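Notes follow once the structure below has been shown.
The values are calculated or read from the model by the stated rules, or taken from the named source; none is laboratory data. Predicted, not measured: the structure shown is a model, and the values here were computed from it. Ideal geometry is used to build each Cβ from the backbone, glycine not excepted, and the neighbour counts take in all protein chains shown.
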Ligand code: ADP
Ligand code: MG
């Protein structure tokens, strides 16, 4: 009966009423005793060390002393009143100061009694004082504390209700007292043995009350492993199940279209990386298992071509293919690119977006059903329910982070056997994160740019160097090149952001009266926007000024300058994406990051990274380090709960790898989940899934 105490609501604890309980639930995620035990301290404070009053210096973050209060004194008047306790350890005197709760202080602390006092010392006049110290009787302290003392972070709303780290500590201690039985083990015993893990019971206790720093780190390792192990187990089990359930279309051969394209139409050598990826896709699609592959490749690495050639393999085997892009502009560009590449080959490619209407739409829909349309290019319009294919075998999703899980899942229902899926992204995701977010996808990487590209030079300018920027632009445009000027746009300050762009546009028009300048932003009518964009693409305008609408896609190899205004307001991934719009031709390209003078440390670091490297993967790693994995583009719709208790995907890469390897082994050894030593493990997983509806739909 007592084991169920873990499920008791926290309101059973003294001094937690309905209001606190609500805040605990909403702001700390704590409902039950069990949740409380898993609310781990953010740090531990070494309470084994005592200082003497005469040792204090002004740079100590906190100190702990043992002594007695000699006397109390009230100082000041009315609301400014404070109470001062003169505290001595026999070596000197320190003042303890309280600004409120005066009566409480006088009532609670006795004179000439041994206390342990803890807090930050500050020097006032010629004496050290500690404001609102933590005080405990020396007797109680000796009873409860040995060395490391947990420190729990408490959200502000709860602090206002008087909750502090000490109170959380007391709740936790109470729960541990009530629960006599060891906390249940969730991992199979043989794994605990083999990996020399701490038992779950010991680990959870040690997280709160470790015997030493080493004890704490072993406890946290055990819990990190457990957490990541179950995530991996879930992902892998799900993908195996899917593999078992669905057979894939078999693309048995490389045929006429692929070969014709490869030998007669391909305008350049494929890079080694492109060849490798095409081989990987080819191997996947031959086997009869359904492919789910993530293709990561930096902007400009030539993913589109890989997509096209894979689609030709599908066509060669009698299937249709489709590619879905996040915006209309991008979809249109894909269409142009495909038609251009395919030249006079007889491949029927069509474009379907929400602006394709009426007869035209009907004709395309009919063509899809008869199989006459072989490749469909489009936006989400292609996954609408009424779009029916005769025999869809291969789907490419470009810039996948713009699509939610549900949208991806819809694709699968487009054929009785789900099509092979290739997900492409230019926002590289660090490996450890990919293993979690896309854990069930196979990953291909294009880590090589087409030859002849010069790395983009990135330069940081403060905003007062506008003349210099103009000079640089004039010089590049003099050479026949074009330039992008990008302004940030976020919803919250949309009006002002648009204004910035418009003001900027006027300034540039004044600075370059002889040039043609396009302006594009999200508030323009689509036709107008496309018109402006087209003028730039065709080279009629030399400068394109825009808000971030040009972030994805747009391919104008002649553009050699990307100036990003207010660069401090962009994230790393975004800056990298934007920069990828230039450097597409053989000439030297430049990216100018324009910022104000006042930069936070993080921002300075972002700008510095951008100036140092063009490597998207390195940038992704840094981005994850700066922002944490939950905020990265591409992770939000993943359904993975990023508020992991102990593990941190940015820092615990090795544990992720270990957890994955072990999970694989466990699944191999127990394909139908019948081994008795795994019973508890499966039960735990089922429990977790019950609380996390999204999990099973990661695709
Ligand atoms: P991504 O979609 O990966 O950002 P793209 O597929 O748009 O990149 O390719 C960028 C440019 O490089 C395109 O103009 C494309 O035609 C060109 N390209 C692709 N592969 C090669 C190659 N092997 N050699 C030379 N140019 C290439
Ligand atoms: Mg692309």
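Does at least one position in the range 316-337 carry a residue that is part of a helix (DSSP H, G or I), within 16 Å of ligand 2 (Cβ to nearest atom) and within 24 Å of residue 239 (Cβ to Cβ)? Scanning the range 316-337 turns up no residue that is part of a helix (DSSP H, G or I), within 16 Å of ligand 2 (Cβ to nearest atom) and within 24 Å of residue 239 (Cβ to Cβ). Condition check for residue 270 on (1) part of a loop (DSSP other than H, G, I, E, B); (2) in contact with a helix residue (DSSP H, G or I) (Cβ under 7 Å, 6 or more places away or on another chain); (3) away from ligand 2 (no atom under 15 Å from the Cβ): one failure, at (2).
Exactly one residue among 279, 289 is away from ligand 2 (no atom under 16 Å from the Cβ) and at pLDDT 95 or above, and that residue is 279. Give me the residue from the range 607-618 that is in a helix (DSSP H, G or I) and touching a strand residue (DSSP E or B) at 6+ places or on another chain (Cβ under 9 Å) and, out of that set, surrounded by the most Cβ atoms within 10 Å (Cβ to Cβ). Only one residue fits best here, namely 616. Each residue in the range 416-432 was checked for being in a loop (DSSP other than H, G, I, E, B) and either within 26 Å of the chain's Cα centre (by Cα) or crowded, with 21+ Cβ neighbours inside 10 Å (or both), and 7 pass.
Looking at (1) more than 29 Å from the chain's Cα centre (by Cα); (2) in a helix (DSSP H, G or I); (3) surrounded by fewer than 23 Cβ atoms within 10 Å (Cβ to Cβ), which is the only condition residue 536 fails? All conditions pass for residue 536, except number (3).
Taking the criterion of being more than 16 Å from ligand 2 (Cβ to nearest atom), in contact with a strand residue (DSSP E or B) (Cβ under 9 Å, 6 or more places away or on another chain) and either over 22 Å from residue 594 (Cα atoms) or assigned to a helix (DSSP H, G or I) (or both), would at least one residue in the range 560-567 satisfy it? Yes.
Considering each of 297, 302 in turn, give the residue that is within 16 Å of ligand 2 (Cβ to nearest atom), surrounded by fewer than 20 Cβ atoms within 10 Å (Cβ to Cβ), within 22 Å of residue 285 (Cα to Cα) and at pLDDT below 95.
Result of the check over 297, 302: 302.
Within the range 353-366, identify whether any single residue is more than 16 Å from ligand 1 (Cβ to nearest atom) and in contact (Cβ under 8 Å) with a residue 60 or more places away in the chain, and answer yes or no. There is at least one residue in the range 353-366 that is more than 16 Å from ligand 1 (Cβ to nearest atom) and in contact (Cβ under 8 Å) with a residue 60 or more places away in the chain. Of everything listed in (1) touching a residue at least 12 places away in the same chain (Cβ under 8 Å); (2) more than 30 Å from the chain's Cα centre (by Cα); (3) more than 24 Å from residue 370 (Cα to Cα), the single unmet condition for residue 244 is (1). When residue 340 is tested against (1) closer than 29 Å to residue 242 by Cβ; (2) out of contact with any helix residue (DSSP H, G or I) (no Cβ under 9 Å at 6 or more places or on another chain), only condition (1) is not met.
A quick yes/no check of all residues on (1) within 16 Å of ligand 2 (Cβ to nearest atom); (2) in the same structural domain as residue 416 (by TED's automatic domain parsing); (3) part of a loop (DSSP other than H, G, I, E, B):
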| position | (1), (2), (3) |
| --- | --- |
| 340 | yes, yes, no |
| 350 | no, yes, no |
| 354 | no, yes, yes |
| 361 | no, yes, no |
| 388 | no, yes, yes |
| 397 | yes, yes, no |
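Quick one: in the range 281-314, of everything that is under 28 Å from the mean Cα position of the chain (by Cα) and away from ligand 1 (no atom under 16 Å from the Cβ), which residue is farthest from residue 584 (Cα to Cα)? Among those residues, the one meeting the criterion is 290. A single member of 593, 575 is away from ligand 2 (no atom under 16 Å from the Cβ), crowded, with 22+ Cβ neighbours inside 10 Å, within 15 Å of residue 459 (Cβ to Cβ) and at pLDDT below 95, and it is 575.
Among the residues of the range 155-170, those identified as crowded, with 17+ Cβ neighbours inside 10 Å and out of contact with any helix residue (DSSP H, G or I) (no Cβ under 6 Å at 6 or more places or on another chain) are 163, 165, 167, 168, 169. Contact annotation: residue pairs with Cβ atoms under 6 Å, 6 or more positions apart or on different chains, pairing a residue in the range 267-293 that is over 27 Å from residue 244 (Cα atoms) with a partner that is buried (at least 20 other Cβ atoms within 10 Å of the Cβ), are 273/446; 274/306. Checking each residue in the range 37-56 for being at pLDDT below 90 and over 38 Å from the mean Cα position of the chain (by Cα) picks out 48, 49. Candidates 140, 177: the one that is more than 24 Å from residue 65 (Cβ to Cβ) and either modelled with pLDDT of 95 or more or surrounded by fewer than 13 Cβ atoms within 10 Å (Cβ to Cβ) (or both) is 177.
Of everything in the range 315-329, what is within 16 Å of ligand 1 (Cβ to nearest atom) and surrounded by fewer than 21 Cβ atoms within 10 Å (Cβ to Cβ)? Give them in sequence order.
326, 327
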